[in-house]
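Below is one structure, written out as structure tokens, with a few remarks after it.
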Amino acid sequence: MLRCVFLGCLLNILAFLIFNKQECQANEFTLPGDYKLGGIFNVHSASDVVVPKTPMALECYTQPFSMSAYQMFEVMRFAVEQINNSSAILPNVTLGYEIFDYCLKTRSFPSILDFISDNGRINVSAKHNKHNVIGLVGAYASSQSMSVAPLFMMDLIPMISYASSSYDLSNKWVYPSFLRTVPTNQDLIMVIIKLIQQFGWNWVAFISSDDAYSQNGLELFRSNIKDTSICLAFLYELNSMSNYSDILNKIDSLSINVIIVFTQELPAQEFIKTAISINIREKVWIAGDTWSMDEKLISYPGIEQIGTIFGVTATTLSLPGFDEFVYQTRLSDENDYCVNCMDGEKCNQVCEKCTSLNADDIINQNPTYSFSIQAAVYAYAYALHQALNCRNTSCDPPRNILPYELLDYLRKLSFTLQNQQIEFDQHGDPPASLAVVLWRPNKNPLFVMAATYESHPTIQFTLNSRAVPWSGNSTVPYSNCSIQCDSGFKKVQTSIHKCCFQCEKCTAQTYINTTADAYACAPCAEGYWSDEKSIICKKRIIVFLDLKDPLCMLFLVCAVAFIAISIGLIILFGINYNTPVVKSAGGNMCFLMLFCLVLANIGVFFYFGVPDPVNCALRNVFFIFFYTICLSCMGVRSFQIVCVFKMAAQFPDVYHWWMKNNGQWLCINVYSFIQLIACGIWLLTGRPKPYNDSTSFKDQTILTCDMGSMVTSTLAWSCLWFLSIVCFCFSYMGKDLPKSYNEAKSITFSLLVFYLGWIAYFTAYIVFRGAYIQLFNAVAQLSSSYGIIFSFYMPRAYIIIFQPKKNTQAYFQSSIQTYTQTISRM
């Protein structure tokens, strides 16, 4: 009887132990279900492990325990329980899990092989392999995900990482079935860059570590700052041999006050602790997402002395019901025997300390990745919801869902979880929702949100200026290689770093556009101008001789009046053609002179309006040619009078030849032909063209005409000026002739007006600039013609109209006789 009682007790004890072992596995690392998810978490973390002599898996429970990783482990279990307890997503279908402690990526492959096997077997020749899990939640670090991904990518088994942010994992050619619920390094780096730009810093240090996550972050940072003003003044990759004190002293000696620490959690902790120990002060530290909300480090003594710490993290959300779930698992009697589960069939599903942990310690861990883990589990659940055609109360019976089928549903997912949109882009990345938290040691709360970053639907970075410690009138920490240039100054680079520079002002007619290129002054475009030190160019005022201008209108009245007077004189002299006054004026020649004067001043009308090639060509050529003919007539008249009264007696043969061969018309024709050839050459080889004068005035563009070819224009003008000098000499020689025949005085006076008018024009051309210089040119032409009209024609017109007694043959003969008697007495 005693033996039976003993045997019964022994069987009860064995049954109790077996029962609790199974329950332990179900509650902690394994949960049966219609579909199983795989999960890997760094519940224990191995580092500097000695490589064994023979291949063997590492027993993770022998390594240091990580409370934060265990909290993530519990979040996955909580999310699965939420889904199983809800009938909204997978009614009548249960979700299970197989979770492994993943402490070292090079020694934990038995766990990974268990995921992709079918009850311990992998049939590599099968067309469609069966696997123990439908997908994986994990891994944590980017390097871990890259290590295990190839085994999952072969059969397109979905992987949804909750923390791997390396942008390399977005390459779908290499990682076709990899997705994630955490923002990528690209988003993290963009937040860091925008934070730096927000405060005007450009002299920064970047500290990374020897892992895929950090190296990818450094690569993205360097590529994204190429088109910014930020300079990477110092960079270092931490490893086990690094001397943290030397690195920090080097940073301090370079006057770098902004330090980006984009490393894994452990190197970051050691680096910051070293900064505290060597008394580094007044720096700005920017933490990557791995340690952005490290509650242990923020409580480390002296952390407040090293300066301001910003952390970039995924937007943290509380998980409703998670606290109750943790308390429930801690209070369960079944979990007290988890320590006895070391003899389980599978490696790395053992946690000696888990059941003895305090619930509050678990709950108070860094929640950075909690929502990402929950979103990953819910993504699988919603994908199954679509694959099984789930309705309100039921789903299709469980069936074998091929990995690529589930992957296709995952890629097309779009659902809302805690008011957050969960979906994946073509790279398997989610919309980024990030926050910049400010560390506040010894205060409550320890972390406050200083900025937010959203990439959906558009990129938006919002700074909470009231949260930063230097808001208001406080001075922002300085971390620049050079002081920023004042407005209107360009940067002249003085070293290999583009943010080390001197300032040099932009000269007139250039401007600086700092958003486009702060290192070069750009020239103003055609039609624009600027002063020195300008940041914009202003549009030039277009100036030309406008018909609406009062001075131009006055000139035109004078020009029209001249033509009217000339026509009136032609009529008056035509009516009195046979009178002595008209004959003494040259007879037919005086009509030719009046006609040429009218044509010479037609050119003045081409000075007004916007210049074009025709206007420019005809402005001066009309005057030069026809005024030359007029001067030719005046010249031969002067010569002829002098010849009659002074040279006929001394050179009778010359006089007879002149009169016999009609020498006056011959001279006029020859010289007019020479001038015609000169003007023709000018127009054909180098005629004046429109010219925009932008040099005379900085804010004006004067529309004018150039002079064309200097050689041909000088030739045409020289003929005119030479003729005027010859004419002036002959007219001056006849200044004491009889008054009735004294044309020489009139011609002399008209030539003096001609000289004075053009001297005034050339003086104004040299001294002044502006559109009115063209008007002075026209005035010089018109005044030259008016000089002839008033000095040569108006006195004769006055005699014809008001003194007809002097317009008789007897009066002219008495004047000649008086002159002859005077000469004979001398």
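The values are calculated or read from the model by the stated rules, or taken from the named source; none is laboratory data. The structure presented is a predicted model; accordingly, all values stated were derived computationally and were not measured. With ideal geometry, Cβ positions are generated from the backbone for all residues, glycine too; neighbour counts draw on all protein chains shown. Just the protein is used for accessible areas: all its heavy atoms, side chains included, with ligands, DNA and RNA removed. Shrake-Rupley method; radii C 1.70, N 1.55, O 1.52, S 1.80 Å.
When the Karplus curve 6.51 cos²θ - 1.76 cosθ + 1.60 is applied with θ = phi - 60°, which whole-Hz ³J(HN,Hα) does each residue of segment 505-512 get, with x for Gly and Pro?
6, 7, 7, 4, 6, 9, 8, 10
Tell me which of 348, 527, 409 sits at the most positive position along the dipole axis of the chain, charges placed on C-beta atoms (Lys, Arg +1; Asp, Glu -1).
527
Could you please state how large a percent of the accessible area of segment 536-612 is carbon and sulfur, counting protein chains only and using a 1.4 Å probe? Intermediate values should be presented prior to the final figure.
Details: 2730 of 3610 Å².
Solvent-exposed carbon and sulfur of segment 536-612 make up 76 percent of the total.
Enumerate the amide H contacts of residue 97 below 5 Å, restricted to partners 5 or more residues apart or on another chain; note that Pro and chain-start residues carry no placed amide H.
Correct list: 31, 37.
Mind listing the Cα extents of segment 310-469 along all three principal axes, in Å, largest one first?
55, 42, 31 Å, listed from the longest principal axis down.
Let me check against my output: what whole-number percent is the relative contact order of the chain, with C-alpha pairs under 8 Å and at least 6 apart?
In percent, rounded to a whole number, it is 9.
Take every DSSP beta bridge whose two residues both sit in the chain, then give the antiparallel share in percent to the nearest 5. The partial results should precede the final answer.
On the way: 38 of 77 bridges.
Roughly 50 percent of the beta bridges in the chain run antiparallel, per DSSP.
Quick check for me: using +1 on Lys/Arg Cβ and -1 on Asp/Glu Cβ, what's the dipole size of segment 381-436 about its Cα centre, in debye to the nearest 20? Mind showing how you got there, number by number?
Details: 4 positive and 6 negative charges, 39 e Å.
Dipole size: approximately 180 debye.
Students often check this: by mean Cβ neighbours within 10 Å, which of 616-627, 665-676 ranks highest, and how do the rest follow? Write down the numbers at each step before the final one.
On the way: 616-627: 21.7, 665-676: 15.4.
The most tightly packed comes first, giving 616-627, 665-676.
Treat each spin label as a single point 7 Å out from the Cα along the C-beta direction, and report the residue 237 to residue 222 distance in nm.
Calculated label separation equals 0.9 nm.
Under a Cβ-only charge scheme (Lys and Arg +1, Asp and Glu -1), can you give me the dipole magnitude of the chain about the Cα centre, in debye to the nearest 20?
Values: 55 positive and 60 negative charges, 1347 e Å.
Using only the charged Cβ atoms, the result is roughly 6460 debye.
If you split all Cα-Cα distances of the chain into 20 Å bins from zero, what percentages do you get per bin, shortest first?
Computed distribution, short to long bins: 12, 27, 15, 11, 13, 12, 7, 2, 0, 0.
Nearest 10 degrees is fine. How inclined is helix 613-642 to the longest principal axis of the chain, computing both from alpha carbons?
For helix 613-642, the angle is close to 20 degrees.
Just order 361-367, 416-422, 575-581 by mean Cβ neighbour count inside 10 Å, highest at the front, would you?
Values: 361-367: 17.7, 416-422: 13.1, 575-581: 15.7.
The packing order, highest mean first, is 361-367, 575-581, 416-422.
Exactly which trypsin sites (Lys or Arg not before Pro) in segment 236-293 are in a DSSP loop and have at most 12 other Cβ atoms within 10 Å? Working shown, then result.
Working: sites: 250, 273, 281, 283; in loops: 281.
Passing sites in segment 236-293 are 281.
Which residues make up the longest stretch of the chain that has no GluC sites (Glu not before Pro) in a DSSP loop with at most 16 other Cβ atoms within 10 Å?
Numbers: sites that count: 59, 282, 295, 345, 352, 526, 532.
After excluding every exposed loop site, the longest remaining stretch is 533-826.
To the nearest 20 debye, what is the magnitude of the charge dipole of segment 60-178 about its Cα centre, counting +1 on the Cβ of each Lys and Arg and -1 on the Cβ of each Asp and Glu? Before the final figure, lay out each step's value.
Numbers: 7 positive and 8 negative charges, 53 e Å.
Dipole of segment 60-178, to the nearest 20 debye: 260 debye.
Quick one: if the Förster radius is 51 Å, what FRET efficiency do residue 551 and residue 492 give, using the C-beta to C-beta distance and rounding to 0.05?
Working: r = 48 Å, r/R0 = 0.94.
With a Förster radius of 51 Å, E is 0.60.
What ³J(HN,Hα) values, in whole Hz, does the Karplus curve 6.51 cos²θ - 1.76 cosθ + 1.60 give for segment 678-693 when θ = phi - 60°, with x put for Gly and Pro?
4, 5, x, 4, 4, 6, 7, 9, x, 6, x, 10, x, 9, 9, 8
Using the alpha-carbon atoms, what tilt in degrees (0 to 90, nearest 10) does helix 370-387 show relative to the longest principal axis of the chain?
On a 0 to 90 degree scale, this one is about 90.
If one takes the longest principal axis of the Cα atoms in the chain, at what angle in degrees, from 0 to 90 and to the nearest 10, does the Cα axis of helix 2-27 lie?
Tilt of helix 2-27: around 0 degrees.
From the residues 470, 606, 640, which one has its Cα farthest along the dipole of the chain in the positive direction, the dipole being from +1 and -1 charges on Cβ of Lys/Arg and Asp/Glu about the Cα centre?
640
Which residue, 761, 393, 597, has the largest displacement toward the positive end of the dipole of the chain when charges sit on each Cβ (Lys, Arg +1; Asp, Glu -1)?
Going by the Cα projections, it comes out as 597.
Restrict the search to segment 391-472; then list the chymotrypsin sites (Phe, Trp or Tyr not before Pro) that DSSP places in a loop and that have at most 16 other Cβ atoms within 10 Å of their Cβ.
Numbers: sites: 404, 409, 415, 424, 439, 447, 453, 461, 470; in loops: 424, 470.
Listed in order of number, the matching sites are 470.
What length, rounded to one decimal in nm, is gained on full extension from residue 197 through to residue 695, with 0.36 nm per residue of separation minus their alpha-carbon distance? Walk me through the numbers before you get to the answer.
Numbers: separation 498, 0.36 × 498 = 179.28 nm, distance 4.08 nm.
Full extension of this stretch gives 175.2 nm more.
Through the Karplus equation 6.51 cos²θ - 1.76 cosθ + 1.60, θ set to phi - 60°, convert the phi angles of segment 210-221 into ³J(HN,Hα) values in whole Hz; use x for Gly and Pro.
Coupling constants for segment 210-221: 7, 8, 4, 4, 5, 5, 5, x, 5, 4, 5, 5 Hz.
Test of understanding: what is the full-extension gain from residue 805 to residue 173, defined as 0.36 nm times their sequence separation minus their Cα-Cα distance?
On the way: separation 632, 0.36 × 632 = 227.52 nm, distance 11.70 nm.
Separation in residues times 0.36 nm, less the Cα-Cα distance, equals 215.8 nm.
Tell me the per residue accessible area of the chain using a 1.4 Å probe; a whole number in Å² is fine. Write out the running numbers ahead of the final one.
Values: 39570 Å² over 826 residues.
On a per-residue basis, the chain sits at 48 Å².
Would any residue of segment 298-329 have its amide N under 19 Å from a label point 7 Å out along Cα→Cβ of residue 88? List them or say none.
317-325
Of the trypsin sites (Lys or Arg not before Pro) in segment 338-429, which ones lie in a loop per DSSP and count no more than 12 other C-beta atoms within 10 Å?
Numbers: sites: 346, 353, 391, 399, 411, 412; in loops: 346, 353, 391, 399, 412.
Listed in order of number, the matching sites are 391, 399, 412.
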